[in-house]
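Novice: My structure is below; once you've seen it, I'll send some questions.
The values are calculated or read from the model by the stated rules, or taken from the named source; none is laboratory data. These numbers come from a predicted model, not from an experiment. Because the Cβ atoms are built from the backbone with ideal geometry, glycine has one as well, and the counts that use them run over all protein chains shown. Calculation scope for accessible area: heavy atoms of the full protein, side chains included, ligands and nucleic acids excluded. Shrake-Rupley method; radii C 1.70, N 1.55, O 1.52, S 1.80 Å.
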Amino acid sequence: MYLEWALVAGLALGAYLLGSFPTAYIVVRRTKRQDIRELGSHNVGAMNAFQQAGAWPVTLVLLTDAGKGAIAVLAPLWLGFSPWTVFLTSGFAVIGHVWPVFLNFSGGKGAAVVLGVSLTFLPLLTLTAAVPTALIIFLTRNVVIGAVLGFAILNTLVIATGQGPAQMAVCLLMTVLVSTTYVVSLRKQLSTAIKHR
């Protein structure tokens, strides 16, 4: 029993360290010779990497960060742990991305990692929700609105299709984590705008 809990704790720690790998920071540093934390929105994520380095570098960022989420889902399942373990590992992977130990706990918003988690744990529902989400983002030109509505659609699909409690819990956790990071980021931007008036 204690050994199993120790292994789960080790997986959670590993997921956090994996999530902390600063992909966008490294890519922008390599391509632009600059610190992404001092550019654009100062966010260590795919959107800011795209704005600073372009399409090809951001593709690497997106694939790597989504890969973090996929590994956080697959590792415990491959090792024979309960799907509930994914609740911990996926959550810690996102937390590591948002608050990475390697960058003084200042990272991205976690959207790409969440996408990797969702595509791996709920592939068909995620792809179904992705179509209207992409359309919303295209029409509104607002990623935040698109992400919020996308998660609303995904959560509705998870409930409507009668997914298991673990799947529902992971989906809800991802929604809460990403929504929280976006709200915190928005508050910081508003605070900065007010100060510079």
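Novice: Of everything in the range 86-114, what is surrounded by fewer than 21 Cβ atoms within 10 Å (Cβ to Cβ) and either touching a His at 6+ places or on another chain (Cβ under 9 Å) or not in a helix (DSSP H, G or I) (or both)? Give them in sequence order.
Specialist: TRP99, ASN104, PHE105, SER106
Novice: Now for a different question. So, THR126, is that one surrounded by 16 or more Cβ atoms within 10 Å (Cβ to Cβ) and hydroxyl-bearing (Ser, Thr, Tyr) or not?
Specialist: yes
Novice: If you don't mind, there's one more thing I want to ask. Would you pick out the residues in the range 27-44 that are outside any loop (DSSP other than H, G, I, E, B) and surrounded by fewer than 17 Cβ atoms within 10 Å (Cβ to Cβ)?
Specialist: ARG29, ARG30, THR31, LYS32, GLU38, listed by residue number.
Novice: Applying the selection to the range 75-85, what residues are open to solvent by 10 Å² or more (accessible area, probe 1.4 Å) and of a type outside the set (S, T, N, Q)?
Specialist: Hits for the range 75-85 are ALA75, LEU77, TRP78, LEU79, GLY80, PHE81, PRO83, TRP84.
Let's see how each residue does on (1) at pLDDT 90 or above; (2) farther than 12 Å from ILE71 by Cα; (3) in contact with an Asp or Glu (Cβ under 9 Å, 6 or more places away or on another chain):
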{"residue": "VAL101", "(1), (2), (3)": "yes, yes, no"}
{"residue": "VAL113", "(1), (2), (3)": "yes, no, yes"}
{"residue": "SER118", "(1), (2), (3)": "yes, no, no"}
{"residue": "LEU125", "(1), (2), (3)": "yes, yes, no"}
